[in-house]
Structures are given as structure tokens and as C-alpha cells.
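The values are calculated or read from the model by the stated rules, or taken from the named source; none is laboratory data. Just so it is clear, the model here is predicted, and its values are computed rather than measured. A quick note on method: Cβ atoms are made from the backbone with ideal geometry, for glycine too, and the neighbour counts reach across all protein chains shown. We work out accessible area using only protein heavy atoms, side chains counted, and drop any ligands, DNA or RNA first. Shrake-Rupley method; radii C 1.70, N 1.55, O 1.52, S 1.80 Å.
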Amino acid sequence: MDSIEVEAKTYEEAVRKAATALGVEEKDLDIEVTEVDTKGILGLLGSKKIRVAARIRPAQPPEPLLPVDALEPSGEETPEGFGKKFLTDVAGFYGISLRVQSTIVDERIVFTIESPDEEVFTGHDGEPLEALQHLVNLAIAKRFRQNLKLLLDVNGFRDKRKKMIVSMAKRLADKVAHEGRPATTKPLNPYERRIVHTLFKNNKRVTTHSEGDGHMKKVVITPASPAPAGGAHAGGRR
């Protein structure tokens, strides 16, 4: 079997399921979004389902050497260019002023937005930004049929949010270690949950795991104990 159709609550979950079913890594798949059931643009985080068709990408023969200037497609020929235009068009439709730059960091496309309308993107705990990121991810996946990782940031919001999450997680961990009882964060997106799991990955006092369904999940911080292996562990379920 070299292809499959799967359904899940998020794009990322659907791709993971397809990769597991086909026994390959996610990067080796061509992905086509065939169905998205949503409640509107800003309701994407509450999407009921997304269906994708995944096919194992055939091995490519070595490509002949080309001049450097011939290696990089321009403009909308690249996911970066398409994503920048997509974001600009969406913002223009809603009358939002912004400037978008894109970079590649750790094999992830990072779209950095500069805008005087930051609160429109960040809202409460960055939920509109997550919804927009999900929308861009779907658009790029449908256009290029590739499973590409990406991240949206606006006016350095991600860094400020990261510092807040780290501070909150450390306070909870101290409380857990002192009282000997688990504590739970509020719902976090995958990027934010990874921050918490990584923070306590080698911690001897506490362990972490995620609980919940869908895009937003809580991280449970539990006292580390010499109890039998097989319990929660740092970075266990994201």
C-alpha cells in the first residue's frame, strides 16, 4: 500500500496517522487536503474534522548540478512566497496593515509579521494567531501537496508568550514538588506544550504528559517517583 485517506481533528494529526499507517516518515509523503469541516475562519481551532489523501513520495533520481541562481524558484513558486501572499491577501480583505517576512529555522518555515494591529492576531492567549497559522498550513498543503512545518509570529509575540509559559510552568513544578500532587496547565497549542515538555525533560523532581483531544491540550505536571516505569514521563505525549 502506497496511499491512504485518513480523517482527524487537525491537519497535523491526520498526517501523523497517515505516516504511521504507511510505515514512513511524514516528510516522505505527498499530502492533499480533500475535506475540511470548519465553523469559519476563526473557528478553525474548533474544526470537527479534516480529511487528507496521503501518498508515499517516489524516490527521486539525483538531479544534475545547476547554477546557483537556477536553484531557487521565485515568488509564488515557493511555499514561502505563496504563504506571504496568502497572509497579505487575507489581511487586506479585513483591512489589516502588516508586513510579512519568511525564514527557514530548523526545517520550519517561520512567517514573521509586523503589524500595528497586533491585538487582532493575538486576541486571548494567541488563539486567532493559531487559527490563522492553521489556515495558512492548510492552504500551503493543498497548493503544494507537501507536509511542511510552519510557524506564525507577530511583533515578537511568540517569545513573550514563551517567557510567560516558562514562568508559569516553573511555578507549577515548584508547587508539585512541594505538595506532591499533580498540577495542570491551561490548554496549550502543540508549540507551547513542547516548551513545557522540553523544560522538564531531564528534571528529577517532576515529569510531564499531555491530556486532551484536538489541537489544544493541557500539560499535566506530576511528581517524579521511583514507582514502576511506564507512568507519565517528560515529553511523553504531546
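Odds and ends about this structure:
- Long pairs among 17/218; 27/142; 17/149; 162/186; 27/85; 9/84, criterion Cα-Cα beyond 18 Å: 17/218; 27/85; 9/84
- Within the accessible surface of the range 124-181, defined with a 1.4 Å probe on protein heavy atoms only, the carbon and sulfur portion equals 49 percent.
- Cβ-Cβ FRET estimate between residue 118 and residue 89, R0 fixed at 22 Å, reported to 0.05: 0.70
- At an R0 of 30 angstrom, the distance between the Cβ atoms of residue 174 and residue 151 translates into a FRET efficiency of 0.55.
- Accessible surface area normalised per residue over the range 95-236 is 53 Å², counting heavy atoms of protein chains with a 1.4 Å rolling probe.
- Net length gained if the chain between residue 104 and residue 1 were fully extended (0.36 nm per residue, minus Cα distance): 33.8 nm
- If the chain linking residue 181 and residue 225 were pulled fully straight, counting 0.36 nm for each residue of separation and taking away their Cα-Cα distance, it would gain 14.7 nm.
- Computed from the C-beta positions of residue 21 and residue 159, the FRET efficiency with R₀ = 41 Å rounds to 0.65.
- Label zone at residue 35 (point 7 Å along Cα-to-Cβ), backbone N below 19 Å, the range 136-152: 138-139, 142
- Taking every DSSP beta bridge that has both ends in the range 79-215, the antiparallel portion is near 55%.
- Value of Rg to Rh for the range 141-217 (Rh from inverse mean 1/r over Cα pairs, i.e. Kirkwood): 1.06
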